[in-house]
Structures are given as structure tokens and as C-alpha cells.
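Input: a single structure, listed below in C-alpha cells.
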Amino acid sequence: MADDLGPAYLIGGSDRPKVDRAVSRLRARFDMSAIELLTASETTGDDAVAACNVIGLFGDGTRLVVVEGVEAWKAADAKAVAAYLKAPAPGTTLALVAAELKKDAPLAKAVGAAGEVLLWDVAQRALPRWVAEQFKLHGTTVEPDGSRLLVELVGDDVYELAAEVDKVATWADGAEVTEADVDALVAPRAEAPPWNLTDAWGARDVGGVLRAAERMLDRTGDPVSRTVPRLVGSLTRHLQRARAAHRLEEQGLSSAEAATQLGMKPFPAQKLFAQVRNFSGSELDDAVIRLAALDHALKGGSRLANELELERALVDITQPATAAREPA
């Protein structure tokens, strides 16, 4: 029975599997014949209201009207819903399903005045924790490093992450999932984020830089001839910004004060300042020159393979100064 349901629900957010589960539970409260499914791309707010009213007049029981994709609706659509909810059709529930939607959006305010707003979002930085929660829903647990690796391998698409969790949890059959399990069972398909490379460079971690670069090359669908120059261009821009940060710090500016001049937000600027403290000004200058030489080599200035030229350059710009002076 659906007698205890409210007149309207707004269900949405970036946590799409959770949104889907909520909509499924709501639909399960009604007979199939009592559910009308609509899409916002073909339905206005007035159309949805009309559907509710028609069902309310001619239906003989509880009814459900579901409208998908309402994040595309405009203010006029929200206004129509708000007016309807002042005197909703008896026995009818209106379910509006959205992707990401702000809590103070006109539609959220319209539904919240008489119904219930359920918005579940997943921040990018919280994805590993979200993955761990999905494993718990499947009756198992996962190592923190396993959660992080799964996100790194798959990316930020929560549907794909949920599918991989379902697969790995089924295989685990209640046992804890380790990082090694994830590495063995999940095929990498997300591009490695560039900050893995720049963070390793900033820490002067030669092995980390080479691993990050290898992952970036492995996880793109583009040929190496396109991927390597793009990687070099991104790294060059980072080093140029690092040189600028080094000069600003020498002038006495803090990372927060320099953020605007660098065109960065405060936290990334703080990270960049921490990185450049591991290099001298001359080392940063030499690194930019070395990447320029690499660019020349990639454009026909060398007979070596692009991947080898890249590896050599990455070692040169990352290794500590003492290592660079040691004889080969």
C-alpha cells in the first residue's frame, strides 16, 4: 500500500545508484498499472501536473507519476509544480527524478514546501569512501587502498564503479577485498589523473614519476604519438607555474597571496609551493629547458622511441641534484 506516501518527492544527485534504488523502492509501492513514466525532455511542468490531475480524477486507487530528468526544467516548470502542490490530487504521488541539482533550486523549494526532497551527492574526493559503502551493502569489506585503487582504475562514473563493486563482491563471497584483489580483477580504463605525475615530480620520486607516466600512457585510448606530447605539454605548464611560484615565494609572498597571480585556487597553490621548495631556482629553469629539448626530440629531433625519450627526460628533471652529479 502507498497510503502513507506524500504528494511529491524530488529524488536526485550524483549518487545515481542510490537514486535508482530509491526510485525502485517507491515504484514497488504501486501496482504496475498505476504508474505513469514521463521524461522531462518531452514533458513540461504543466504536463506533469495534468497527468497527476487526470489520474486523480479517473483512477480508483493510489497512483504514481514519475518524471525523469527534471534538472532540465525551467522556472516556469517549478512554478507549475508549486501551484499544484498547494492542492495535490488525492491518492497521487508525483516523483521527480533529477541528476545533480542544488538544494536551493526553484524545483527543490517547490517540492520541499509540501513534499520531500532527497538529494544524494558524491564528491570526487569522497569516492573511495563511497566505494567502501557499496561493498558493505554487498555484505563485505574492502581495504582502504583497495577502494582508492578501484576509483583510480575505473574513474568517477558511479554506475561503472557500482558495477565493478558488484562483480568483485560477488567473487569475494563475503571475504575482505584487498588491494591485490582489485588489481587482479578490475581492468583499468580511466585516464590516470595528471596530479599523480606532478605530485611524484614534486616529491622528487623518480620511480613514482615513471609509474605515473606509464599509467597515463596505458589508460588512454589515443596512440602514443598523441599521448606523449600531451603529457609533456601538461607537465611543461606545471613546471612553468612552479618557476613562477618559486619567484613569488622568494619575493616573500605566501601561497595564499600568490594564488591569484598564479591563476590557482588556494589549496593547489599551497601544494605547488610545497613542491617547489624541493628544487632550487636553477633546477626549475633547467627542468623547463630539458622539457623543451624533449619536445624537440618528439618532433623528429631524435631517433629514439618517444617513450624512451620521455622516460629519460622524466628522470633528468626529477632526480635529486646529488644523484644527477653521480657518475653513470
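The values are calculated or read from the model by the stated rules, or taken from the named source; none is laboratory data. None of these values were measured; they are calculated from a predicted model. Neighbour counts run over all protein chains shown; Cβ positions are idealised from the backbone, glycine included. Heavy atoms of the whole protein, side chains included, go into the accessibility calculation; ligands, DNA and RNA do not. Shrake-Rupley method; radii C 1.70, N 1.55, O 1.52, S 1.80 Å.
For (1) without any contact (Cβ under 8 Å) to a residue 60 or more places away in the chain; (2) touching a helix residue (DSSP H, G or I) at 6+ places or on another chain (Cβ under 9 Å); (3) not acidic (D, E), each residue gets a yes or a no:
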{"position": "N196", "(1), (2), (3)": "yes, yes, yes"}
{"position": "D199", "(1), (2), (3)": "no, yes, no"}
{"position": "D205", "(1), (2), (3)": "no, yes, no"}
{"position": "R211", "(1), (2), (3)": "yes, yes, yes"}
{"position": "V228", "(1), (2), (3)": "no, yes, yes"}
{"position": "R241", "(1), (2), (3)": "yes, yes, yes"}
{"position": "A245", "(1), (2), (3)": "yes, yes, yes"}
{"position": "L248", "(1), (2), (3)": "yes, yes, yes"}
{"position": "L253", "(1), (2), (3)": "yes, yes, yes"}
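Of all residues in the stretch 221-242, which are open to solvent by less than 70 Å² (accessible area, probe 1.4 Å), of a type outside the set (S, T, N, Q) and in a helix (DSSP H, G or I)?
Scanning the stretch 221-242 gives V224, V228, P229, L231, V232, G233, L235, H238, L239, A242.
Here is a list of conditions, (1) farther than 15 Å from T198 by Cβ; (2) of a type outside the set (S, T, Y); (3) free of Cβ contacts under 8 Å to residues at least 60 places away in the same chain, and E311 meets all of them except one; can you say which number that is?
(3)
Quick check on this structure: which one of A108, A95 is in a helix (DSSP H, G or I) and either free of Cβ contacts under 8 Å to residues at least 40 places away in the same chain or hydrophobic (A, V, I, L, M, F, W, C) (or both)?
A108
In the stretch 82-111, how many residues are open to solvent by less than 40 Å² (accessible area, probe 1.4 Å) and not small (G, A, S)?
Adding up the residues that qualify gives 10.
Please work out which one of (1) in contact (Cβ under 8 Å) with a residue 12 or more places away in the chain; (2) out of contact with any strand residue (DSSP E or B) (no Cβ under 8 Å at 6 or more places or on another chain) is the condition V168 fails and give its number.
Of everything listed in (1) in contact (Cβ under 8 Å) with a residue 12 or more places away in the chain; (2) out of contact with any strand residue (DSSP E or B) (no Cβ under 8 Å at 6 or more places or on another chain), V168 misses just condition (2).
To keep it simple, each residue is scored yes or no on (1) surrounded by fewer than 18 Cβ atoms within 10 Å (Cβ to Cβ); (2) of a type in the set (G, A, S); (3) in a loop (DSSP other than H, G, I, E, B).
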position	(1), (2), (3)
D20	yes, no, no
L26	no, no, no
R29	yes, no, yes
S33	yes, yes, no
S41	yes, yes, yes
A48	no, yes, no
G61	yes, yes, yes
V66	no, no, no
A80	no, yes, no
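I'd like to verify a number: residues in the stretch 151-165 that are in contact (Cβ under 8 Å) with a residue 40 or more places away in the chain and charged (D, E, K, R), how many?
Residues meeting the conditions: 1.
Pull up the stretch 252-284, narrow it to residues that are open to solvent by 60 Å² or more (accessible area, probe 1.4 Å) and charged (D, E, K, R), then point me to the one that is nearest to I317 (Cα to Cα).
It comes out as R277.
Of the residues that make up the stretch 2-18, is at least one farther than 30 Å from A162 by Cβ, over 29 Å from the mean Cα position of the chain (by Cα), at pLDDT 90 or above and open to solvent by less than 80 Å² (accessible area, probe 1.4 Å)?
yes
For the stretch 258-298, name all the residues that are under 24 Å from S225 (Cβ atoms) and out of contact with any Pro (no Cβ under 8 Å at 6 or more places or on another chain).
Within the stretch 258-298, A287, V288, I289, R290, L291, A292, A293, L294, H296, A297 qualify.
Being in a helix (DSSP H, G or I) and in contact (Cβ under 8 Å) with a residue 12 or more places away in the chain is the filter here; which residues of the stretch 258-278 pass it?
Those that are in a helix (DSSP H, G or I) and in contact (Cβ under 8 Å) with a residue 12 or more places away in the chain: A258, Q261, L262, A269, Q270, K271, L272, F273, A274, Q275, V276.
Select from the stretch 122-150 the residues that are without any contact (Cβ under 8 Å) to a residue 12 or more places away in the chain and not in a loop (DSSP other than H, G, I, E, B) and list them in ascending order.
Of everything in the stretch 122-150, those that are without any contact (Cβ under 8 Å) to a residue 12 or more places away in the chain and not in a loop (DSSP other than H, G, I, E, B) turn out to be R125, A126, E133, K136, L137.
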